[in-house]
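The block underneath contains the structure these notes are about, expressed in structure tokens.
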Protein chains: 2
Amino acid sequence: MEREFVEGIGIVAGCCTTASFVPQVVRTWRTRSVADISLRMYLLLCLGVSLWLVYGALIGSPAVLLANAVTLLLAAAILVMKLVFGRGSAHSSGRRTP
Amino acid sequence: MEREFVEGIGIVAGCCTTASFVPQVVRTWRTRSVADISLRMYLLLCLGVSLWLVYGALIGSPAVLLANAVTLLLAAAILVMKLVFGRGSAHSSGRRTP
């Protein structure tokens, strides 16, 4: 199969997985409600995406660097909102992570 | 730098990003509460990860295939819980996606 076609699928895949965090950022920003979002998920995700950034830098891949830089921004935004908006309700709801 | 070290970082990165969805699956299964989770995020994520699976198959990469197969299972589990647990409260809360 054409190399360009295969790489095109990879690019579309990367755009979808990176862009998937946008609706969550928008929803969380609008509702200010974070009780159902797992803190541990976004801690682990930010760590993993940061390591992908390091990996992309080490292998010299602009695609890996760009996709993961954008994903890290979005995932970090959700993590910060989880921490900030969840501060008030953490005790009252009695909910615990995960 | 050693090739094995660089690839090791990639493997740890992949393990972190894939495993990050586990706490969200556990939390959502326990609480049955999905109001704060974006349906569009998990629709787009499942589409993107499915395309990564196709890409992994086309380039013949067992690592890409394995990581994305596990991620798809976890993301699809969250998507199904969002649809099933969210059914009852969708109308009463008046909330809309994203």
Checklist entry - For segment A:40-82, which residues satisfy the criterion of being in contact (Cβ under 8 Å) with a residue 24 or more places away in the chain, open to solvent by 30 Å² or more (accessible area, probe 1.4 Å) and facing chain B (nearest Cβ under 9 Å)? => result A:Arg40, A:Leu43
Checklist entry - In segment A:47-64, which residues are touching a Cys at 6+ places or on another chain (Cβ under 9 Å) and of a type in the set (A, V, I, L, M, F, W, C)? => result A:Leu47, A:Val49, A:Leu51, A:Trp52
Checklist entry - What residue, of B:Ser20, B:Ser33, B:Ser50, B:Ser93, is polar (S, T, N, Q) and at pLDDT below 95? => result B:Ser93
Checklist entry - Does A:Arg32 satisfy being of a type in the set (D, E, K, R), closer than 23 Å to B:Leu72 by Cβ and in contact (Cβ under 8 Å) with a residue 24 or more places away in the chain? => result no
Checklist entry - Which condition breaks for A:Ala67 when tested against (1) at pLDDT below 95; (2) under 17 Å from B:Ala13 (Cα atoms); (3) out of contact with any Gly (no Cβ under 7 Å at 6 or more places or on another chain)? => result (3)
Item to check | Qualifying residues in segment A:28-39 (those that are touching a helix residue (DSSP H, G or I) at 6+ places or on another chain (Cβ under 8 Å) and more than 13 Å from B:Phe21 (Cβ to Cβ)) - the one most open to solvent (accessible area, probe 1.4 Å) | outcome: A:Trp29
Checklist entry - Identify, please: which residue in segment A:1-27 is more than 7 Å from chain B (Cβ to nearest Cβ) and touching a helix residue (DSSP H, G or I) at 6+ places or on another chain (Cβ under 6 Å) and is, among those, surrounded by the fewest Cβ atoms within 10 Å (Cβ to Cβ)? => result A:Val25
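The values are calculated or read from the model by the stated rules, or taken from the named source; none is laboratory data. Computed from a predicted structure; not experimentally measured. Here Cβ is always computed from backbone atoms with ideal geometry, including for glycine, and neighbour counts include all displayed protein chains. Just the protein is used for accessible areas: all its heavy atoms, side chains included, with ligands, DNA and RNA removed. Shrake-Rupley method; radii C 1.70, N 1.55, O 1.52, S 1.80 Å.
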